[in-house]
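Here's the structure, in structure tokens; my notes come after.
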Amino acid sequence: MGAGAGAGFGEGRLGAGAVLATGVGAGATGYAAFSGGPTATVDATEEAVLNALWAAEEMTGRAGRVVQALPHGPVLDLLRSHGRLPA
């Protein structure tokens, strides 16, 4: 492989993941070099799931099973009552 192509751990080199996790070459040590990554991943995943639930429509599946769409009005009321949306 050419230079910079596919850093292989089996070849005795550290990949980018190892650099981020250890802070080697980044001037940071340990977890501090990667502290924002897991939080951002969790936030993005949560938002994607909520967006999918919000956009889902009622559907009829196998054997006639009906799954209702998320009722927007009551959900908005619930979010407002818990201070998650402006009143």
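Values quoted throughout were computed directly from the atomic coordinates according to the rules given, and no laboratory measurement underlies them. What you see is a predicted model, and the numbers here were worked out from it, not measured in a lab. Here Cβ is always computed from backbone atoms with ideal geometry, including for glycine, and neighbour counts include all displayed protein chains.
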Lys and Arg at +1, Asp and Glu at -1: neighbours of Ala69 with Cβ under 9 Å from its Cβ sum to -2
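Please list 54-64, 75-85 highest first by mean number of surrounding beta-carbon atoms within 10 Å per residue.
Working: 54-64: 8.4, 75-85: 11.0.
Per-residue Cβ counts within 10 Å, averaged per peptide and sorted highest first, yield 75-85, 54-64.
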If each K or R counts +1 and each D or E counts -1, the residues other than Thr39 whose Cβ falls under 14 Å of its Cβ total -3
Residue-ordered couplings for the range 42-53, obtained by feeding phi - 60° into the Karplus form 6.51 cos²θ - 1.76 cosθ + 1.60 and rounding to whole Hz (Gly and Pro as x), are 5, 4, 5, 5, 4, 5, 5, 5, 5, 4, 5, 5
